[in-house]
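One structure is given here, and the rest of the page talks about it.
The values are calculated or read from the model by the stated rules, or taken from the named source; none is laboratory data. Since the structure is predicted, the reported quantities are computational estimates derived from the model, not experimental observations. Note that each Cβ is placed from the backbone with ideal geometry, even for glycine, and that neighbours are counted across all protein chains shown.
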Amino acid sequence: MKKLLTVLILLAAFSAKAQDQTIKDLSKDTKVTIKKPEDTIQKEWRKGGLYSFNLSQGSLTNWAAGGDKFSLAVSSILNLYSFYKKDKHSWDNTLDFNLGYVNTTSLGSRKNDDRIDLLSIYGRSVAPKWNVSGLLNFRSQLFKGYTYANDIKSLASDFLSPGYLLASIGMDYKPGEHFSLFMSPAAARWVFVKNDSLSAKGLYGVEPGKHSRSEFGAFVSANYFNEFNKTVSYKARLDLFSNYKHNPEKIDVFMTNVLLLKLSKLLSASWNVDLIYDDDVRLFGNDGKSPAVQLKSLVGIGLQAKF
């Protein structure tokens with residue numbers, strides 16, 4: 001009887017030990033993941049931005065090939081965005097601010113970039129990929145700008161001279177998170193020329209002596225933004241406007257492109273290309289009174305901050 005009890009006690013001890021080991025093995029193999037609320041709740045707002053600062057300098061002394069003794073170029077690009085999405089409602093906001101100056105011994109200081117551009121689109125989904133939307137866009141520059149026809153310095157722009165404010169209701173097509181196409185047959189646009197000397201010349205389609213002009217027409221805006229990876233990002237926009245009131249066949253074109261390459265933690269390279277055509281901007285040609293395609297290309301290497 002004692003032997004039997006001993007055997008039973010040994011078997012019970014062995015079984016308990018085996019079960020304890022099994023439980024330990026299961027504990028190692030089983031991982032319980034506890035999700036945090038922020039992991040399961042979709043974010044309603046996406047906010048961020050990017051700032052790029054580029055600086056280049058050159059100097060020449062007894063240089064046989066010729067050139068300016070001193071040159072300095074400074075440019076900066078600031079892109080901010082704030083996107084809202086909840087249920088059938090969306091609200092996309094972007095702010096672009098570009099500023100650049102160049103200084104050379106022979107030409108002096110000149111502005112080579114200056115643009116402030118605010119775009120806001122509110123939409124309500126009515127079908128997959130389609131929204132009924134309202135758009136508001138403001139575009140101008142902050143500082144005075146000049147043209148240098150035949151080396152003669154002439155004032156060409158100032159804050160709100162010109163300035164463009166556009167309000168429109170239409171359809172917004174969004175096939176994905178990177179691209180959107182806004183189309184409207186009814187858009188109101190106001191052109192401002194607040195500088196008195198520019199207003200007196202009747203520039204930018206505003207009658208001489210007046211400071212604003214109202215237009216009504218069709219408007220299309222295509223927007224693309226993509227951060228392909230941690231190194232490369234690209235942003236593009238194309239706006240087309242046809243004024244029903246005056247020469248509707250002469251379409252105003254505004255296009256901007258920004259390509260950013262991150263070379264290191266702080267160092268980056270940027271390429272900014274802008275194209276504008278407005279038949280009412282008559283500052284070019286031999287007589288300085290003709291329209292023309294305006295093209296600007298800026299390449300730089302400098303510092304970049306992403307937030």
Unique residue being surrounded by fewer than 17 Cβ atoms within 10 Å (Cβ to Cβ), closer than 17 Å to ILE169 by Cα and either of a type outside the set (Gly, Ala, Ser) or touching a strand residue (DSSP E or B) at 6+ places or on another chain (Cβ under 7 Å) (or both) when the list is LEU136, LEU142: LEU136
Pick out the one residue from ALA222, ALA292, ALA218 that is free of Cβ contacts under 8 Å to residues at least 24 places away in the same chain, under 26 Å from the mean Cα position of the chain (by Cα) and either buried (at least 16 other Cβ atoms within 10 Å of the Cβ) or farther than 29 Å from TYR122 by Cβ (or both). ALA292
Anything in segment 237-252 that is closer than 16 Å to TRP190 by Cα, of a type outside the set (Ser, Thr, Tyr) and part of a strand (DSSP E or B)? List them, or say none. ASP239, LEU240, PHE241, ASN243, ASP252
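Can you say whether SER221 is modelled with pLDDT under 95 and either within 27 Å of PHE83 (Cβ to Cβ) or of a type outside the set (A, V, I, L, M, F, W, C) (or both), as far as the supplied structure shows?
Working: modelled with pLDDT under 95: no; either within 27 Å of PHE83 (Cβ to Cβ) or of a type outside the set (A, V, I, L, M, F, W, C) (or both): yes.
Against the criterion (modelled with pLDDT under 95 and either within 27 Å of PHE83 (Cβ to Cβ) or of a type outside the set (A, V, I, L, M, F, W, C) (or both)), SER221 does not qualify.
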Need the failing condition index for SER212 against (1) under 20 Å from the mean Cα position of the chain (by Cα); (2) polar (S, T, N, Q); (3) surrounded by 15 or more Cβ atoms within 10 Å (Cβ to Cβ); (4) more than 23 Å from ASP113 (Cβ to Cβ), just the number. (1)
Looking at segment 94-133, which of the residues that are closer than 15 Å to SER75 by Cα and without any contact (Cβ under 8 Å) to a residue 24 or more places away in the chain is surrounded by the most Cβ atoms within 10 Å (Cβ to Cβ)? PHE97
Filter result for VAL191 (in contact (Cβ under 8 Å) with a residue 60 or more places away in the chain, under 21 Å from THR147 (Cβ atoms) and either among the aliphatic types (A, V, I, L, M) or touching an Asp or Glu at 6+ places or on another chain (Cβ under 9 Å) (or both)): yes
Six or more apart or on different chains, Cβ atoms under 7 Å: show the pairs whose first residue is in segment 228-246 and closer than 14 Å to TYR277 by Cα and modelled with pLDDT of 95 or more and whose second is surrounded by 12 or more Cβ atoms within 10 Å (Cβ to Cβ) and of a type in the set (Lys, Arg). PHE241/ARG189
For segment 264-297, name all the residues that are part of a loop (DSSP other than H, G, I, E, B), at pLDDT below 90 and more than 18 Å from TYR164 (Cβ to Cβ). SER264, LYS265, LEU266, GLY285, ASN286, ASP287, GLY288, LYS289
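Which of the residues that make up segment 152-202 are charged (D, E, K, R) and either surrounded by 15 or more Cβ atoms within 10 Å (Cβ to Cβ) or closer than 30 Å to ARG124 by Cα (or both)? Please lay out each step first, then the result.
Our first condition is that a residue be charged (D, E, K, R); within segment 152-202, this holds for 153, 158, 172, 174, 177, 189, 194, 196, 201.
Result: ASP158, ASP172, LYS174, GLU177, ARG189, LYS194, LYS201.
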